[in-house]
């Protein structure tokens, strides 16, 4: 049985908390066009931080969509709940629809995305709404319009999106610099686990490797989960 003294002994594998700075600036505000709330009786509401900015979601599927977009190397901005888009329905009536996200790509293209469980697509008619808006929308508002359902998800994508999100929440530039020295000398393929071991950073080395993948310094050899036995190799760094 563990004694109280043993229980209170600090874990040597964990780093001491960083000292709090005297001034902590607020993160960039959400890009949502309306006031968001954590309270809902019918769905999960919350927010996460993507590239330092607060991004709200009003369903778990929306959170998954946002994290997957964050994982894409060509997406540079995730903006939720954009202003309503006006369109004309099949009866000639003018209507409005608010998309759940606007994703901005490296080249400047903007993608408005509606998120809906597949079971509700036919019932809500969202598929037809998206089709009509895609036909009528002005290029000044968006370049593409998409419908996202859980059928577009894969377990690999979800796992990797969560891993990248967790590893990039905090910055550890000293860890990244130490790993970068190893990556510069890297020839051929190596497993994530081997890189972690070579880094000498212990468990923190895994997060450093994931951040290196996210930054485009190394890449997966094949499409799979970001697990310790996954092979990676050097890659040309990208601009976010």
Using Cα springs under 10 Å in a Gaussian network model of the chain, which residue among 114, 66, 122 shows the largest mean-square fluctuation?
122
Normalised Cα Rg of the stretch 105-240, dividing by 2.2 N^0.38 Å with N its residue count, works out at 1.37
Return a whole-number percent for the relative contact order of the chain, with Cα pairs under 8 Å and 6 or more residues apart as the contact set.
14
Compare 211, 102, 18 in a GNM of the chain, Cα atoms joined below 10 Å, and give the one with the largest fluctuation.
18
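How large is Rg over Rh for the stretch 34-94, taking Rg from the Cα atoms and Rh as the Kirkwood inverse mean of 1/r across Cα pairs? Could the numbers behind the result be given before it?
Values: Rg = 14.5 Å, Rh = 13.5 Å.
Across the stretch 34-94, the Cα-based Rg/Rh ratio is 1.08.
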Could you state the per residue volume, in Å³, of the convex hull enclosing the Cα atoms of the stretch 46-152?
101
Work out the P(r) tail for the stretch 155-234: percent of alpha carbon pairs separated by more than 17 Å, whole number.
36
Computed curve, the chain, Cα-only Debye sum without solvent term, log₁₀ I(q)/I(0) at 0.17 Å⁻¹, is -1.29
Springs between alpha-carbon pairs under 10 angstrom, Gaussian network model over the chain: which of 78, 221, 209 fluctuates most?
221
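FYI, it's all coordinate maths here, none of it is from the lab. The structure presented is a predicted model; accordingly, all values stated were derived computationally and were not measured.
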